[in-house]
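Bear in mind that the values in this text are calculations on the coordinates, not laboratory data. These numbers were taken from a predicted model, which means no experiment stands behind them. For neighbour counting, all protein chains shown are included, and Cβ atoms are generated from backbone atoms with ideal geometry for every residue, glycine included.
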């Protein structure tokens, strides 16, 4: 896939796999919009911009539907498109069935299942407009 002129929205992109994906897509010509709750957001934004790419960095909590909607609108307002959505944000917690914690289970479900679904729902109309958007769930 040719990434020149494409716009990618990546969640959980200030560290680890998400950061690597963001930097690689930028190196291949994509503009990057990303979100993460980490303090590293501005550092990663600078790294992407140092590659000559445009970057929008957010500290949006992917579990907040209104904030996700506002973020997607800001990206589309600035760049008029989203070509690629990469749902990378997620959490991993150990749960023992005999010590089940409903709040922990709810947190896992909200971050790992509901948030990607919500992002897809908000981004899908814009992905469709580009005539062949891509969604990747990590």
**Report entry** Single residue of region 69-98 satisfying the filter (more than 13 Å from residue 34 (Cβ to Cβ) and surrounded by 18 or more Cβ atoms within 10 Å (Cβ to Cβ)) that is farthest from the chain's Cα centre (by Cα)
**Finding:** 76
Query raised in the report: out of contact with any helix residue (DSSP H, G or I) (no Cβ under 7 Å at 6 or more places or on another chain), over 18 Å from residue 135 (Cα atoms) and outside any helix (DSSP H, G or I): does that describe residue 51?
Result: no
Query raised in the report: Is region 55-78 home to any residue that is part of a loop (DSSP other than H, G, I, E, B) and more than 21 Å from residue 114 (Cβ to Cβ)?
Result: no
**Report entry** Residue among 62, 111 that is surrounded by 15 or more Cβ atoms within 10 Å (Cβ to Cβ), touching a residue at least 40 places away in the same chain (Cβ under 8 Å) and out of contact with any strand residue (DSSP E or B) (no Cβ under 6 Å at 6 or more places or on another chain)
**Finding:** 111
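Provide a single number: the residues in region 1-36 that are assigned to a helix (DSSP H, G or I) and touching a residue at least 12 places away in the same chain (Cβ under 8 Å).
So the answer is 9.
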